[in-house]
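The values are calculated or read from the model by the stated rules, or taken from the named source; none is laboratory data. Worth saying up front: this structure is predicted, and the values here are computed from it rather than measured. All Cβ positions, even for glycine, are placed from backbone atoms using ideal geometry, and neighbour counts span all protein chains on display.
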Ligand SMILES: Cc1ncc(COP(=O)(O)O)c(C=O)c1O
């Protein structure tokens, strides 16, 4: 197979690719951050310079999503997986349960962890369709007594996205780890949004939480204070040392998004990229995408080869052609192209070119 180009594109689901411009900034600023004479890695988080960086990061995020003062932003650690347990611990009263939409792999993880702490009512599940579609809102069976309703806005491993967000009576809580800042949000519908940073927000180590003020309440007994939303809100996310390097990279990413047209531009680019790739899959009998078209994720495009025995050859040759990390989620298999904000359209064009060539030779 011909080598199409020497450029390399990283389709990893996370930690994911960063824009070359941001990587260059990190490299250039690393030894001497903001003329402080020291690296950002060496800044005390209590210094006025670092406090300013946190304030700027918060202001940039508020500007990008028009987040009003009725919400607090928390910079937490432990990843989205820690949030799976922290949600019931922070938001529910003793004995109270929560509603969960079982939409795929990550929703299942969130449910399993929440069940360790509180009753869980699964309002609808896509399991009977092998998670190839998001259960329609009309089928949800909410519990009116639930403390909140949890959704996974984008199923990273299954390649599904919730296209719309319902208006609910209980606080809507969303794991947006894989599609945060890839589309505009009706923020007023949410009680809480959380997202690990290593996909659209920079590097691993930081988990962003946006929480409506009325959901902040005194830490329940037994919850470590560092994991209390109220405590971190009171201390401006400096109850303990925040993940300073991840925060710095997130700040750079937010400014990169602003320079490149903000969230509407990210959404338009995501549509353009994913249309190109799904188009290639749908116009071929060699590739297939079982996901219901209306629920397909524009961010994590998952597909299979109709001859699964060719998957490893596909992946090896793709890697050799500079198309890296295309293997599907370990629990799901197949191929997955993660197309986060930094992925240029040219990366997808290269992948489509490779797929067409591969089909011609092996189909
Ligand atoms: C939707 C979703 N939720 C949660 C997680 C877990 O994130 P973390 O590894 O930061 O705990 C992931 C990781 O890929 C994810 O895609």
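Write out, first by first residue and then by second, each pair whose Cβ atoms fall under 8 Å of each other, whose residues are 6+ apart or on separate chains, and whose first residue, in segment 146-175, is at positive phi while the second is away from the ligand (no atom under 16 Å from the Cβ) and assigned to a loop (DSSP other than H, G, I, E, B).
Partner pairs satisfying both residue conditions: 159/289.
How many of the residues in segment 142-162 are within 17 Å of residue 211 (Cα to Cα), within 11 Å of the ligand (Cβ to nearest atom) and in a loop (DSSP other than H, G, I, E, B)?
Final tally of qualifying residues: 1.
For residue 131, indicate whether it is under 22 Å from the mean Cα position of the chain (by Cα), closer than 20 Å to residue 231 by Cα and in the same structural domain as residue 180 (by TED's automatic domain parsing). Spell out how you get there, then give the answer.
Values: under 22 Å from the mean Cα position of the chain (by Cα): yes; closer than 20 Å to residue 231 by Cα: no; in the same structural domain as residue 180 (by TED's automatic domain parsing): yes.
Answer is no for this residue.
Every residue in segment 284-301 that is outside any loop (DSSP other than H, G, I, E, B), more than 11 Å from residue 161 (Cβ to Cβ) and in contact with a strand residue (DSSP E or B) (Cβ under 6 Å, 6 or more places away or on another chain), please.
The first filter runs over segment 284-301 and keeps only residues outside any loop (DSSP other than H, G, I, E, B), leaving 287-288, 293-296, 300-301.
Those left that are additionally more than 11 Å from residue 161 (Cβ to Cβ): 287-288, 293.
Matches in segment 284-301: 287, 288.
Of all residues in segment 176-188, which are more than 10 Å from the ligand (Cβ to nearest atom) and free of Cβ contacts under 8 Å to residues at least 24 places away in the same chain?
Going residue by residue through segment 176-188, those that are more than 10 Å from the ligand (Cβ to nearest atom) are 181-188.
186, 188 - these are the residues of segment 176-188 that are more than 10 Å from the ligand (Cβ to nearest atom) and free of Cβ contacts under 8 Å to residues at least 24 places away in the same chain.
Quick test for you: out of 85, 24, pick the one residue that is within 16 Å of the ligand (Cβ to nearest atom) and either modelled with pLDDT of 95 or more or assigned to a strand (DSSP E or B) (or both).
Details: 24 fails: within 16 Å of the ligand (Cβ to nearest atom).
After applying the criteria, what remains is 85.
Is at least one residue of segment 189-198 more than 9 Å from the ligand (Cβ to nearest atom), within 19 Å of residue 136 (Cα to Cα) and surrounded by fewer than 20 Cβ atoms within 10 Å (Cβ to Cβ)?
The initial filter retains those residues of segment 189-198 that are more than 9 Å from the ligand (Cβ to nearest atom), namely 189-193.
Subset that is within 19 Å of residue 136 (Cα to Cα): 189-190.
Imposing the further condition that a residue be surrounded by fewer than 20 Cβ atoms within 10 Å (Cβ to Cβ) reduces the set to 189.
Yes, there is a match, as at least one residue in segment 189-198 is more than 9 Å from the ligand (Cβ to nearest atom), within 19 Å of residue 136 (Cα to Cα) and surrounded by fewer than 20 Cβ atoms within 10 Å (Cβ to Cβ).
Working carefully through the options 319, 359, find the one that is more than 20 Å from the chain's Cα centre (by Cα) and surrounded by fewer than 16 Cβ atoms within 10 Å (Cβ to Cβ).
319
Among what's in segment 113-127 and is in a helix (DSSP H, G or I) and touching a residue at least 12 places away in the same chain (Cβ under 8 Å), pick the residue that is nearest to residue 150 (Cα to Cα). Let's see the steps before the verdict.
Of the residues in segment 113-127, the ones in a helix (DSSP H, G or I) are 113-115, 127.
This time we only want the ones that are touching a residue at least 12 places away in the same chain (Cβ under 8 Å), so: 113-114, 127.
Numbers: 113: 13, 114: 10, 127: 17 Å.
Per the criteria, the residue is 114.
How about segment 343-363: which of its residues are within 13 Å of residue 283 (Cβ to Cβ) and outside any helix (DSSP H, G or I)? So that I can check it myself, show each step before the final result.
Of segment 343-363, the ones within 13 Å of residue 283 (Cβ to Cβ) are 352, 355-356, 359, 363.
363 - this is the single residue of segment 343-363 that is within 13 Å of residue 283 (Cβ to Cβ) and outside any helix (DSSP H, G or I).
Among the residues of segment 61-81 satisfying the criterion of being in a loop (DSSP other than H, G, I, E, B) and within 15 Å of the ligand (Cβ to nearest atom), which is farthest from residue 252 (Cα to Cα)? Let's see the steps before the verdict.
The initial filter retains those residues of segment 61-81 that are in a loop (DSSP other than H, G, I, E, B), namely 66-70, 77-78.
Next, from what is left, pick out any that are within 15 Å of the ligand (Cβ to nearest atom): 77-78.
On the way: 77: 19, 78: 21 Å.
Only one residue fits best here, namely 78.
Within segment 22-38, which residues are in contact with a helix residue (DSSP H, G or I) (Cβ under 7 Å, 6 or more places away or on another chain) and more than 15 Å from residue 203 (Cβ to Cβ)?
33, 34, 36
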